[in-house]
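As C-alpha cells, the structure follows; a few thoughts come after it.
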Amino acid sequence: MIGRDEKRVNIEGCGHVPLKGARQVPAGDQAQLMEVTLVLRRRKAVPDPQETFSDALPHRRDHLDHAVFTGRYGANLRDVELVHRFAKEVGLEVEDESLARRSVALSGAAKHMAKAFGVEFVHFEHERGRYHATAGTPSLPQELAGVVEAVFGLHSRPAARRRWSAPEGHSMQSRSILEIAKAYEFPESADGNGECIGLIELGGGFHEKDIKECCSGLGIKAPHIEFVCLRDARNDPASAAAVREFIRVANGELKLKKSREIESAQCTVEVTMDIEIAAALAPGARIAVYFAPADEQGIYNALTRAIHDEERRPSVLSLSWGEPENGVSPAYVRLIDEAMRAAAHLGITVCASSGDAGAMNDSSDGMPAVNFPASSPYCLGCGGTNTRFGGEAVEEESVWNATHHGIKGASGGGVSRAFPMPRWQQRWEVPEGPTGKKGRGVPDVAGPADPHCGCEILVAGQNCASAGTSAVAPMWAALIARCNQALGKRCGYINPLLYRMAAHAGERKALREVTSGGNGMYEARKGWSACTGLGTPRGKHLLHALQHGISNQ
C-alpha cells in the first residue's frame, strides 16, 4: 500500500523563497484545516507554440478545443486514482480533481499534511501578511515518483502583488476610457461581441454600482459579469470610506500608513479598474472574474481554471500583477509557463503587467529582475508610457517613470533570468541580462500607465485616473477581444505576429514606437526596448495586419 511504503522521493523546486524581513512566529494550530494541490504529469508534453504556430496569421492557425487538448495532454486517470489511494491511506480528503488542469486538491489537518509530505510547518509574519512554509523538502512515497510533479499549498507565501501605484483624483490630462479607444484607434467594426475576457484577481473586489454608473456615464451598457471564487477568495470590496482614504493618500492629502484596510482599498481600486477598462473598451464582451488567494497555489488554480473553463471559454486573459522571477519557486515558474503553453494551443491570449517598479522591480538580490508571469515567452508582457494627447490622437509618448505625490512608479522591463530568448526576439538586440546571459526580453508592448494621463474610472463613487501597467493589461485584452470578433478567429499566441509586424520597416503601422525615456536601467529606442517593448497599439492597423498580413498593408 502506498501509505506504508518506507521509500520516499523528494519533490524538488517547491520550497518557498523567504521574504526579506519576515519574522518567524510560533507554530499554528496543528488541527487547522489545510488544502494543497498536487500537479500530475501529462499524458505527453505540450508542443512548443513557437514551433506549432510560428508567425502564421490567425485564420491559418488550428487551435484545439478543450476536449481534444485534455485527451492528448491532460492527466492520466490512472494517476488520479493513485493519488486517491494515497490520500485515503494518509487521512486526507479529495476536494477536487481535473484531468484538464492535471490537478488533485487534498485537504486535511495540518498534522496530517505534515506527515503525508514528510515536513514540519513553520510560520512567518511579514508586512504582506502572515504565511506558513515548510522546514525540509517535501517528499512522497516511491510509487508516486514521476506521477506528481509539484505540490502547491505547503507554503502560502504571497506570490504576486500590485505595487503601491497611485491613482489620481483629478488630472488635467486624464481622458474618458472611450477617448483612449479613439486615441489608440481601436477598430470601430467590432466591440468584442461573442468574446469573453477573463480577469485574474488576487484580493479586493468591486461594487456593482460602480460598474453600472461608470458604464452609464459613458453611454454604454454595463457588462455581463460572472465571477468564479477559488478556495476562500471572494468578491470582497473595501468600504467606500477605505477607498476614499486610499485615494486621498494617493493624492498626497494624507500620509501613507499601510494597513490591511488600505491594501484592501488598493486592490478594490485595481479590480474595479480592470473591469471598467475591459468593459468600456470591449463593451460587447462578457467578463469573467476569477478570484483567488495571492499565493502560488491560488494563482496556479485560478489561471488553469480560467484557461480550461469550458463554460465561459475566455479567449483572452488579463493579469494585472506579478512578482520578480527570483521571488517565486522554480516549480511555480515552470508550471505557470506550461499553463501558458496550454493557453496558446487553446487560442487564448494572456496579457500580463510588466510591473510598476522599473528595471529593479523591488528585486531582493540587488540585481534587476523582470516580472513573472509577464516574462513567460507565451505571455504578452505589457509595459507603461506617459502619454500626451492632442485632440483625439496620441501626440507624444515616453517611458513611464515619474514620482506622484512621493510614490515612484516606472514601467517594468528587462531581461529574464528564467527563460531563453524566444526566436521571434532574436533580431531585436535584446541586451544581456543581469547574469550576463541572453534571455527573454520584457515587455512586448505598452500603453498609458502614468496616472497624470490615465483614463477616468469610478470607484466607491469617487472619480480617479487609472494608474500603472495594471491598466495596460486589460486595455490590450479588450483590443484583442475586438480583433478576435472581427477576425472570426482567435488571435491566441500573438507575440510572434507582433514582432513580425514590427520587423517590416515602413509598414509597422500596427504599433507606435516609444523612443524617449528610461526605466532606471534601460532606455527607450527605435524598434524594441526593455521599457515599452515594441510600443503602443494602433488598433485599426493591427486588425488589418492580422486579417491580411504585412505585405498587403
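The values are calculated or read from the model by the stated rules, or taken from the named source; none is laboratory data. Quantities reported herein were computed from a predicted structural model and do not represent experimental measurements. Reconstructed Cβ throughout: ideal geometry from the backbone, glycine too, with neighbour counts over all protein chains shown. Heavy atoms of the whole protein, side chains included, go into the accessibility calculation; ligands, DNA and RNA do not. Shrake-Rupley method; radii C 1.70, N 1.55, O 1.52, S 1.80 Å.
Could you work out the relative contact order of the stretch 331-380, using alpha carbon pairs under 8 angstrom and six or more residues apart, expressed as a whole percent? Don't jump to the answer; show the numbers that get you there.
Values: 52 pairs, mean separation 20.4, N = 50.
Value for the stretch 331-380: 41 percent.
Taking the stretch 230-270, which trypsin sites (Lys or Arg not before Pro) meet the DSSP loop condition and have no more than 16 other C-beta atoms within 10 Å?
Arg234, Lys255, Lys257, Lys258
Ignoring everything except DSSP H segments at least 4 long, calculate the 222 nm mean residue ellipticity for the chain; use -39,500 (n - 2.57) per segment, divide by total residues, nearest 500.
Helices in the chain give a 222 nm mean residue ellipticity of -8000 deg cm²/dmol.
Over the chain, what is the mean sequence separation of C-alpha contacts under 8 Å (at least six apart), divided by residue count, expressed as relative contact order in percent? All intermediate terms of the calculation are to be shown ahead of the outcome.
Working: 1411 pairs, mean separation 98.6, N = 553.
It rounds to 18 percent for the chain.
Using all Cα-Cα distances in the chain, what percent lands in each 20 angstrom bin from 0 up to the longest?
23, 57, 19, 1
When N counts the residues of the stretch 474-539, how does its alpha-carbon radius of gyration compare numerically with 2.2 N^0.38 Å, as a ratio?
On the way: Rg = 13.1 Å, N = 66, 2.2 N^0.38 = 10.8 Å.
Scaled against compact globular proteins, the figure is 1.21.
Once amide H atoms are placed 1.01 Å from N in the peptide plane, what residues at a sequence separation of 5 or more from Glu95, or on another chain, have their amide H within under 5 Å of its amide H?
Ala105, Leu106, Ser107
Based on the mean of other Cβ atoms within 10 Å per residue, sort peptides 44-53, 470-479 so the most packed one is first. Before the final figure, lay out the partial values.
On the way: 44-53: 15.3, 470-479: 30.7.
So the order, starting with the most tightly packed, is 470-479, 44-53.
Given contacts defined as C-alpha pairs under 8 Å and at least six residues apart, what's the relative contact order of the stretch 358-439, whole-number percent?
Details: 121 pairs, mean separation 22.5, N = 82.
Once divided by the residue count of the stretch 358-439, the mean separation gives 27 percent.
Which far-off residues, 5 or more places away or on another chain, put their amide H under 5 Å from the one on Gly198, with H placed in the peptide plane?
Those lying under 5 Å, H to H, from Gly198 are Ala288, Ser315, Val316, Leu317, Ser318.
With a sphere of radius 12 Å drawn around the Cβ of Ala481, what net charge do the other residues whose Cβ falls strictly inside it have (Lys, Arg +1; Asp, Glu -1)?
+1
If R₀ is 45 angstrom, what is the calculated FRET efficiency for the pair Asn10 and Ser239, using the beta carbon separation as r and rounding to 0.05? Spell out each step's value before the answer.
Numbers: r = 46 Å, r/R0 = 1.02.
With a Förster radius of 45 Å, E is 0.45.
Compute the semi-axes of the equivalent ellipsoid of the stretch 26-115, taking the square root of 5 times each eigenvalue of the Cα gyration tensor, and list them largest first in whole Å. Please list the in-between numbers first.
Values: eigenvalues 273, 43, 18 Å².
Each semi-axis is √(5λ); the values are 37, 15, 10 Å.
Under 22 Å Cα-Cα from Lys509, which lysines qualify once same-chain neighbours fewer than 8 residues away are excluded?
By straight Cα distance, Lys509 reaches Lys182, Lys489, Lys526, Lys540.
List, in order, the whole-Hz ³J(HN,Hα) value for each residue of the stretch 510-525 obtained from phi through the Karplus relation with A = 6.51, B = -1.76, C = 1.60 and θ = phi - 60°; use x for Gly and Pro.
These are the phi-based 3J(HN,Hα) values: 6, 9, 9, 5, 10, 10, 9, x, x, 10, x, 9, 10, 10, 5, 6 Hz.
Quick one: which residues, 5 or more positions from Leu511 or on another chain, have an amide H under 5 Å from its amide H? H modelled 1.01 Å from N in the peptide plane, none for Pro or chain starts.
Arg538
How far, in nm, would the chain grow between Asn463 and Thr515 when pulled straight, counting 0.36 nm per residue and subtracting the alpha carbon separation?
On the way: separation 52, 0.36 × 52 = 18.72 nm, distance 3.16 nm.
In short, 15.6 nm is gained.
Answer rounded, prolate or oblate for the stretch 16-165, using the Cα gyration tensor with square roots of eigenvalues a ≥ b ≥ c: rounded when a/c is under 1.5, else prolate when a/b is larger than b/c, else oblate. Write out the running numbers ahead of the final one.
Values: a/c = 2.78, a/b = 1.42, b/c = 1.96.
Taking the square roots of the gyration eigenvalues as a ≥ b ≥ c, the stretch 16-165 is oblate.
What distance in nm separates the simple spin-label points at Glu81 and Ala31, each placed 7 Å from Cα in the Cβ direction?
So the two model labels end up 3.7 nm from each other.
Mind checking the alpha-carbon convex hull of the stretch 284-414 and giving the volume per residue in Å³? Display every interim value, and only then the final one.
On the way: hull volume 19.5 nm³, N = 131.
Measuring per residue, one finds 149 Å³ for the Cα hull of the stretch 284-414.
Over the chain, give the accessible area per residue in Å² for a 1.4 Å probe, as an integer.
Working: 20830 Å² over 553 residues.
For the chain, the per-residue accessible area is 38 Å².
Wrap a convex hull around the Cα atoms of the stretch 418-468, take a quarter of its surface area, and give that in square nanometres. Write out the running numbers ahead of the final one.
On the way: hull surface 22.5 nm².
Over every viewing direction, the Cα hull of the stretch 418-468 projects on average to 5.6 nm².
Give me the number: length gained by fully extending Arg43 to Lys526, i.e. 0.36 nm times residue separation minus the C-alpha to C-alpha distance, one decimal in nm. Write down the numbers at each step before the final one.
Numbers: separation 483, 0.36 × 483 = 173.88 nm, distance 4.42 nm.
Computed gain between Arg43 and Lys526 is 169.5 nm.
Tell me, what ³J(HN,Hα) does each residue in the stretch 304-310 have, in order and in whole Hz, if you take phi through Karplus 6.51 cos²θ - 1.76 cosθ + 1.60 with θ = phi - 60° and put x for Gly and Pro?
Karplus-based 3J(HN,Hα) across the stretch 304-310 equals 5, 5, 5, 5, 9, 7, 6 Hz.
Ranked highest first by the average count of other Cβ atoms within 10 Å around their residues, in what order do 85-96, 412-423 fall? Kindly include the intermediate steps, with their values, before the conclusion.
Details: 85-96: 16.9, 412-423: 24.0.
Top to bottom by mean Cβ count within 10 Å: 412-423, 85-96.
Distance in nm between label sites at Glu143 and Ser54, each 7 Å beyond Cα in the beta-carbon direction?
Simple spin-label model gives 4.8 nm for this pair.
Can you give the charge dipole size of the chain about its Cα centre, rounded to the nearest 20 debye, using +1 on the beta carbon of Lys and Arg and -1 on the beta carbon of Asp and Glu? Kindly include the intermediate steps, with their values, before the conclusion.
Numbers: 63 positive and 66 negative charges, 183 e Å.
In debye, rounded to 20, the chain gives about 880.
So what J values fall out for the stretch 417-425 if you push phi through Karplus, 6.51 cos²θ - 1.76 cosθ + 1.60 with θ = phi - 60°, rounded to Hz, Gly and Pro as x?
Once θ is set to phi - 60°, the couplings for the stretch 417-425 become 8, 9, 10, x, 5, x, 4, 6, 9 Hz.
Hey, with R₀ at 51 Å, roughly what FRET efficiency would Thr435 and Ser216 work out to, going by the Cβ-Cβ distance, to 0.05? Intermediate results must be reported in sequence, preceding the final value.
Working: r = 51 Å, r/R0 = 1.01.
In this case the efficiency is close to 0.50.
Wrap a convex hull around the Cα atoms of the stretch 275-347, take a quarter of its surface area, and give that in square nanometres.
On the way: hull surface 21.5 nm².
The orientation-averaged projected area of the Cα hull of the stretch 275-347 comes to 5.4 nm².
Modelling each spin label as a point 7 Å along the Cα-to-Cβ direction, I'd like the Glu95/Asp365 distance in nm, to one decimal.
Going from the Glu95 label point to the Asp365 one covers 3.3 nm.
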